[in-house]
Amino acid sequence: MTQIIRASLPAVLLTLALVANGAAQAVDTVVQFGPPHPQPPPAPPGSSLEPLQHRLLPDEVTIHKGGTVLFVINGGGHRVAIYEVSKHTTRADIEMDLCQGGVDVCNTDPGIATQNLQYLITDAKGDLIIDTQTNVEQPFLNYLPGQMLSAAGIVLSGTTATGSAGHQIRYRFDKAGRYLVICSTRGHSLNDWMFGFVDVIGN
Ligand SMILES: [Cu+2]
């Protein structure tokens, strides 16, 4: 029966239906994963310029339950992971569990290799969100408990300063709460604090 109905529908009606669906689509909230154009100067590994490259803009967004965030990847070497955290978790709560001392300490690789150490990232309630282990055990952050999304294992291609296109990841948040979005590339998150938050509101 279905096939008969489909066959009898004029093509023009199908086209109109597709257009209507497209017009009804909600717009993504966009987060730049790595700074968009104009991008900061190139930052070779170990350079004090690296933290400038390793930012989410904005680093905090609020959406309604069921909404989507489109992560636009900019620059090189990124991986994306998402974890739920307790609702009062602040940026400082996460930062205090990462490399301390700024670029003078955290960006002098390979001498200190701070990104290779183990870090225990906890939220405002003290719950363990990510056990990074060492770089030998986890070459990139891929701690599984509580993980909602991982593009780990794949180094994403970002837009470049010369205008090349990059990867984009769309994620739909179906549950209210507060979410940590972090770069799984150890040097980016552990040394340069490349992370942000998505707040999802609604019942
Ligand atoms: Cu990154």
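The values are calculated or read from the model by the stated rules, or taken from the named source; none is laboratory data. What you are looking at is a predicted structure, and each value in this text was computed from that prediction instead of being measured. Cβ coordinates were reconstructed from backbone atoms using ideal geometry, including for glycine residues, and neighbour counts include every protein chain displayed.
For the subset of the range 78-90 comprising residues that are under 15 Å from the mean Cα position of the chain (by Cα) and of a type in the set (D, E, K, R), which member is surrounded by the most Cβ atoms within 10 Å (Cβ to Cβ)?
My answer is R79.
Output the number of the condition that P110 fails; it satisfies all remaining conditions of (1) under 26 Å from P145 (Cβ atoms); (2) modelled with pLDDT under 95.
It fails just one condition, (1).
Take the conditions surrounded by fewer than 21 Cβ atoms within 10 Å (Cβ to Cβ) and in contact with a strand residue (DSSP E or B) (Cβ under 6 Å, 6 or more places away or on another chain) and apply them to A176. Does it pass?
For A176, the condition - surrounded by fewer than 21 Cβ atoms within 10 Å (Cβ to Cβ) and in contact with a strand residue (DSSP E or B) (Cβ under 6 Å, 6 or more places away or on another chain) - is met.
From D131, D104, grab the single residue that is without any contact (Cβ under 8 Å) to a residue 60 or more places away in the chain, surrounded by 12 or more Cβ atoms within 10 Å (Cβ to Cβ) and among the charged types (D, E, K, R).
Of the residues listed, the single one that is without any contact (Cβ under 8 Å) to a residue 60 or more places away in the chain, surrounded by 12 or more Cβ atoms within 10 Å (Cβ to Cβ) and among the charged types (D, E, K, R) is D131.
Quick test of your reading of the structure: G66 fulfils all but one of (1) outside any loop (DSSP other than H, G, I, E, B); (2) more than 16 Å from the ligand (Cβ to nearest atom); (3) of a type outside the set (F, W, Y). Name the failing condition by number.
(1)
Just to verify a result, which residue in the range 69-89, among those that are out of contact with any Gly (no Cβ under 9 Å at 6 or more places or on another chain) and within 13 Å of the ligand (Cβ to nearest atom), is nearest to T122 (Cα to Cα)?
Out of the qualifying residues, it is A81.
So, of the residues in the range 153-184 that are within 11 Å of the ligand (Cβ to nearest atom) and at pLDDT below 95, which turns out to be farthest from T62 (Cα to Cα)?
Among those residues, the one meeting the criterion is V155.
May I ask you to list the residues in the range 43-69 that are in contact with a Phe, Trp or Tyr (Cβ under 8 Å, 6 or more places away or on another chain) and at pLDDT 95 or above?
L56, D59, E60, V61, I63, K65, G66, G67, T68, V69
With more than 21 Å from P58 (Cα to Cα) and within 15 Å of the ligand (Cβ to nearest atom) as the only criterion, which of Q115, Q133, Q147 stands out?
Selected residue: Q115, the only one of Q115, Q133, Q147 that is more than 21 Å from P58 (Cα to Cα) and within 15 Å of the ligand (Cβ to nearest atom).
Residues Y143, Y171: which one is within 21 Å of G67 (Cβ to Cβ) and under 17 Å from the mean Cα position of the chain (by Cα)?
It is Y171.
Failed condition for D131, given (1) under 16 Å from P45 (Cα atoms); (2) in contact with a strand residue (DSSP E or B) (Cβ under 6 Å, 6 or more places away or on another chain), with all others met?
All conditions pass for D131, except number (1).
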